Amino acid sequence: RSLAERISEGQRLLSQRPAFRTFDRMQFLRSVLLPLSTGLSSLQKELKIPLSKKAAAFFPNAAHVYERDALNRDYFSPGEEAYYTKEKAVLGRFLFFDPILSDNNERACASCHKPELAFTDGNSKSIKFDRGGDLARNAPTVINSVFQKDQFWDLRATSLEDQLDSVINNADELHSSFENVIDRIQSSDEYRQLFAAAFPETKASGIQRKHIKIAIATYERELTGMNSRFDQYVRGEGAKMNASEVNGFNLFMGKAKCGTCHYAPVFNGALPPYFDFTDHRSI
């Protein structure tokens, strides 16, 4: 269908003045908004209209915001040194699951961010390092945390790299220090090789605090949820969701007003359309 037909279809649906609580937002998204966005993207390419070269969270060549790789994870890194590479992510995954980061060699990042629990610990409040009580808050999911400009419930860290300072050095969390962690890593031939592959300069300068932070953050930037059954359904794969789930989305975005704080398509605090502001209400 042409762009004009899509626009007419949208006008027709909206002209019926649908009730806020019963409006079928999923239908409107799939039949009007995303096809319009895709059509405009195709027209832009056909007319050879230059794409913006300004760094942004949204790739300008993406057809729409629900594309699997529409969002630029490097945009949310603190600088080019932290841009994604597979070598950094592989190293970061080893570190994320390795209790070497903790003082007693018993607790890892994955102890509180468990893959089987959507990278949370499933507790209302996380358990302290000495198991003598609870922390003040629970462990938020790491999934899609890459698309937030700020981290932690109180937004005190401005990147995934910086949030690690408050975890490794926290007496109630990993109860360690970067000096201690680096000493352990330097004694491992395997880790030295992994660091050299991810950060060639470490062969000469040695492993530094920033390398550990960047590696773990890079792995965490792989943990995105932009190709779920929901995303696939929105993109046109009609068998990926059932009627109850579709109704749930319409309720979430409509009557229940969940979507006024948990913004689609990321469903965290990254505020569209530019995704460069994190709304603290939604973390």
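The values are calculated or read from the model by the stated rules, or taken from the named source; none is laboratory data. Treat the numbers as computed from the prediction; the structure is a model and nothing was measured. FYI the Cβ positions are ideal-geometry reconstructions off the backbone, even for glycines, and counts take in every protein chain you see. Surface areas here come from the heavy atoms of the whole protein model, side chains and all, with no ligands, DNA or RNA. Shrake-Rupley method; radii C 1.70, N 1.55, O 1.52, S 1.80 Å.
Structural remarks
- Boolean, R1 is of a type in the set (D, E, K, R) and at pLDDT below 95: yes
- Single match in F275, F249 (criterion: over 18 Å from D69 (Cβ atoms), buried (at least 19 other Cβ atoms within 10 Å of the Cβ) and either touching a residue at least 60 places away in the same chain (Cβ under 8 Å) or in contact with an Asp or Glu (Cβ under 7 Å, 6 or more places away or on another chain) (or both)): F249
- Single condition I212 does not satisfy, out of (1) surrounded by fewer than 13 Cβ atoms within 10 Å (Cβ to Cβ); (2) in contact (Cβ under 8 Å) with a residue 40 or more places away in the chain; (3) farther than 24 Å from E67 by Cα: (1)
- Residues that are within 22 Å of P265 (Cα to Cα), in a loop (DSSP other than H, G, I, E, B), open to solvent by 70 Å² or more (accessible area, probe 1.4 Å) and not β-branched (V, I, T), drawn from region 1-51: F20, R21
- The numbered conditions (1) of a type in the set (D, E, K, R); (2) farther than 30 Å from G259 by Cβ; (3) open to solvent by 30 Å² or more (accessible area, probe 1.4 Å) are all true for K88 except (3).
- Single match in F20, F76 (criterion: in contact (Cβ under 8 Å) with a residue 24 or more places away in the chain and touching a Gly at 6+ places or on another chain (Cβ under 8 Å)): F20
- Neighbours by Cβ (under 6 Å, 6+ apart or cross-chain): first from region 1-14, among the small types (G, A, S); second part of a helix (DSSP H, G or I): G10/V32
- Considering region 130-170, and only residues there that are hydrophobic (A, V, I, L, M, F, W, C), part of a loop (DSSP other than H, G, I, E, B) and surrounded by fewer than 19 Cβ atoms within 10 Å (Cβ to Cβ), the residue that is nearest to the chain's Cα centre (by Cα) turns out to be F152.
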